[in-house]
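Novice: Dropping a structure here in structure tokens format, bear with me for questions.
The values are calculated or read from the model by the stated rules, or taken from the named source; none is laboratory data. Source: prediction; values computed, not measured. Heads up, the Cβs are rebuilt from the backbone with ideal geometry, glycines too, and the neighbour counts pull from every protein chain shown.
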Amino acid sequence: MLSRRQFLLRSASTGAVAVIAPQTAIEALAAPRGSAARLLRGGRFRQGVLSGDPTPRGITLLTVLDDASGAGSVRLEVARDRDFRRVVAERTIATSGKRGHSVKARVEGLRPHERYFYRFETRDRQSPVGRFQTALPPDSNQPVRFSFFSCAEYTHGYYNAYDVMQRDDVDFVVCLGDYMYGDAYHSRAGGTGVRDDRVGRENPANPSIVREALTLENYRDKYALYRSDEALRELHARFPMVITWDDHEIQDNYAGGAEGGGLDPSKRWSNDRRRAATKAYFESMPVYPQGASRIYRGLGAGRTVDLIMLDQRQYRADQPCGDGVVPACAEWNQPRPFLGRAQMDWLKRRLSSSKAAWKVIGSQTMMMPAKVTGDSFYQFDSWQGYPREREELLQHIRSRSIDDVIFITGDIHLFVAGDVRTNMGVGDPAALEFVAGSITSTNFGEMDINAGSGLVIEGDDANPRTDPALVETLRAINPWVQQADLDHHGYGVVTATRSQFDVRLRRLETIKRRSRRLLPEAGYRFKVQRGQTSIVGS
């Protein structure tokens, strides 16, 4: 621990760097006062350290102190070296049981594109050391490198993808939602799980779910469980994460703008449950909402990349057509919010004003249609369930001649690359899309799939091997798709320059045992040039 003299010397050297613990609508994280200013004693930093939302001069830093009691403070230090001889910022941050002993702050006044190190400490404990790199300055033409991923249900497989990802040379990583599942779908006893999630309760009316979180403590415990995995903790310690949410951080397939979440009453949706999940999310993740819970936002990386993160869950109306595997129903092409008017207008303005070479949209759900046999759509939980907003956005991109728009996408649990076209895929090209599989969540080759017209494609959880002829049949039904893998898990890596957008879809051999083995990247690497409007057939 620091002596008082060391503390004063370090505080005097911090210069113009500011550490801010701003208030949120979820819980005020204000500067400590009175007895709460005393450093806490005890507790453990079991969840490690996290950084997020890097800008040229700022970063959000977070830890959660497990097994702590009472109110008090935790000290944060930021330095230019791993040994903390050149400390640039230091502050004690108040926390308590009311906020789950979350410790979160925004650091501003840093240098652009610089590497820093950070740690937290109580009176008798010190966290692991984390590192982060600030973003490129606005006028930079340097390359930008990042990974993107989604869908990491804890029980179904090991976090091999995180183990590989943390060894990459990237500036930051992007989470496109379903970082945590409030609902667990597998168990070792059930034969499809490699480990168990005992947080939450059973629901006899929902037998496909082993246990589900219902309370604030349940949701907090979920984040702690997920971060008991060393690979995830190491990923956070090495790189800043730019995060959005999808449905499982709250509840599967909920529609935030619909009465009752758009769910059957047997699913046990409630506003209290939503509030609990939202509070736990902001306590546990290195992101601050704007207002009560707005998380759609943009982050620039020089003149090369403008990263635009969306929220496709909070403002949407209920999915049409019963969210089934059926042809479009009568209600399908009716006005229905997906992003909602405020977010849609913001997105269009951001795209129109962006000067970056690549406008990269972080999309929780797939923009390309997914069709199966008998002209059926594969459910309506994605952009294809909201065709009016989909067409509005794509027509804006085309009418304003906004070039080099790339969707990076999660949610659907398969690797897909292809063209984003107007008129539900049969119109003009407007953007490209890369879908990076799932970290562990069940993919198409691991379960039985309703392919429409009464056809069921059988999967094998232990040994997924989708018939290549079937994949070709599905590609023929979806001619905007260039490549697809229904069997494997993994993530994507991007290297963007002013002239090229290089995407590698990194597919793991297995998630059922600890392994870093990757499949060959042939057919799953794409080098997109400026002005390129299609990858199909290239």
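Novice: From 406, 439, grab the single residue that is in contact with a His (Cβ under 8 Å, 6 or more places away or on another chain) and not polar (S, T, N, Q).
Specialist: 439
Novice: Moving on. Determine whether the stretch 246-254 contains at least one residue that is farther than 23 Å from residue 207 by Cβ, touching a strand residue (DSSP E or B) at 6+ places or on another chain (Cβ under 8 Å) and not in a helix (DSSP H, G or I).
Specialist: no
Novice: Can I ask one more? Pull up the stretch 24-64, narrow it to residues that are at pLDDT 70 or above and either over 24 Å from the mean Cα position of the chain (by Cα) or in the same structural domain as residue 175 (by TED's automatic domain parsing) (or both), then point me to the one that is farthest from residue 122 (Cα to Cα).
Specialist: Among those residues, the one meeting the criterion is 37.
Novice: Search the stretch 182-227 for residues being in a strand (DSSP E or B) and over 19 Å from the mean Cα position of the chain (by Cα), and hand back the single one that is nearest to residue 102 (Cα to Cα).
Specialist: Once the filter is applied, the top-ranked residue is 212.
Novice: Kindly check whether there is at least one residue in the stretch 136-159 that is outside any loop (DSSP other than H, G, I, E, B) and within 30 Å of residue 72 (Cα to Cα).
Specialist: Scanning the stretch 136-159 turns up no residue that is outside any loop (DSSP other than H, G, I, E, B) and within 30 Å of residue 72 (Cα to Cα).
Novice: In the stretch 232-287, which residues are among the polar types (S, T, N, Q) and modelled with pLDDT of 95 or more?
Specialist: Correct list: 244, 251, 253, 270, 271, 278, 284.
Novice: For residues that are surrounded by fewer than 16 Cβ atoms within 10 Å (Cβ to Cβ) and outside any loop (DSSP other than H, G, I, E, B), tally how many sit in the stretch 509-538.
Specialist: 3
Novice: I need the full set of residues from the stretch 383-414 which are of a type in the set (A, V, I, L, M, F, W, C) and without any contact (Cβ under 8 Å) to a residue 40 or more places away in the chain, in order please. Even if it seems obvious, please write down each step before you answer.
Specialist: Looking only at the stretch 383-414, we keep the residues that are of a type in the set (A, V, I, L, M, F, W, C), and these are 383, 393-394, 397, 402, 405-408, 412, 414.
394 - this is the single residue of the stretch 383-414 that is of a type in the set (A, V, I, L, M, F, W, C) and without any contact (Cβ under 8 Å) to a residue 40 or more places away in the chain.
Novice: A further question on this structure: Since residue 506 meets every condition but one in (1) touching a residue at least 12 places away in the same chain (Cβ under 8 Å); (2) part of a loop (DSSP other than H, G, I, E, B), which condition does it not meet?
Specialist: The one condition residue 506 does not meet is (2).
Novice: Could you please find all residues in the stretch 87-110 being part of a loop (DSSP other than H, G, I, E, B) and either without any contact (Cβ under 8 Å) to a residue 24 or more places away in the chain or under 26 Å from the mean Cα position of the chain (by Cα) (or both)?
Specialist: Scanning the stretch 87-110 gives 100, 101, 110.
Novice: For the stretch 405-442, name all the residues that are part of a loop (DSSP other than H, G, I, E, B) and surrounded by fewer than 20 Cβ atoms within 10 Å (Cβ to Cβ).
Specialist: Just the residues of the stretch 405-442 that are part of a loop (DSSP other than H, G, I, E, B), to begin with: 410-414, 422, 426-428, 437-442.
Within the stretch 405-442, 422, 426, 427, 428 qualify.
Novice: Report the residue count in the stretch 443-482 for those that are assigned to a loop (DSSP other than H, G, I, E, B), more than 22 Å from residue 424 (Cα to Cα) and of a type outside the set (D, E, K, R). Talk me through it step by step, then tell me what you get.
Specialist: As a first pass, look at the stretch 443-482 and keep what is assigned to a loop (DSSP other than H, G, I, E, B): 443, 447-448, 451-455, 458-467, 478-480.
Filter once more, so that each one left must be more than 22 Å from residue 424 (Cα to Cα): 443, 447-448, 454-455, 458-467.
Next, from what is left, pick out any that are of a type outside the set (D, E, K, R): 443, 447, 454-455, 459, 462-464, 466.
The number of residues fulfilling the criteria is 9.
Novice: Do you know which of the residues in the stretch 43-91 that are more than 17 Å from residue 114 (Cα to Cα) and hydroxyl-bearing (Ser, Thr, Tyr) is surrounded by the fewest Cβ atoms within 10 Å (Cβ to Cβ)?
Specialist: The qualifying residue surrounded by the fewest Cβ atoms within 10 Å (Cβ to Cβ) is 69.
Novice: Tell me the residue from 425, 537, 459 that is at positive phi and assigned by TED's automatic domain parsing to the domain that holds residue 161, please.
Specialist: 425
Novice: Can you find, within the stretch 331-381, the residue that is surrounded by the fewest Cβ atoms within 10 Å (Cβ to Cβ) among those that are in a helix (DSSP H, G or I) and among the hydrophobic types (A, V, I, L, M, F, W, C)?
Specialist: Looking only at the stretch 331-381, we keep the residues that are in a helix (DSSP H, G or I), and these are 341-353, 373-375.
With among the hydrophobic types (A, V, I, L, M, F, W, C) added as a condition, the list becomes 342, 344, 346-347, 351.
Working: 342: 12, 344: 19, 346: 18, 347: 18, 351: 19.
Applying the filter and picking the extreme gives 342.
Novice: On to the next question. Quick test for you: out of 441, 499, 515, 534, pick the one residue that is touching a Cys at 6+ places or on another chain (Cβ under 7 Å) and at pLDDT 95 or above.
Specialist: 441
Novice: Checking residue 452 against (1) modelled with pLDDT of 95 or more; (2) surrounded by fewer than 24 Cβ atoms within 10 Å (Cβ to Cβ): exactly one of these is not met. Which one?
Specialist: Checking residue 452 against (1) modelled with pLDDT of 95 or more; (2) surrounded by fewer than 24 Cβ atoms within 10 Å (Cβ to Cβ), the one that fails is (1).
Novice: Related question: Does residue 119 meet the test of being of a type outside the set (A, V, I, L, M), modelled with pLDDT of 95 or more, assigned to a strand (DSSP E or B) and in contact with a helix residue (DSSP H, G or I) (Cβ under 7 Å, 6 or more places away or on another chain)?
Specialist: No: the conditions fail for residue 119.
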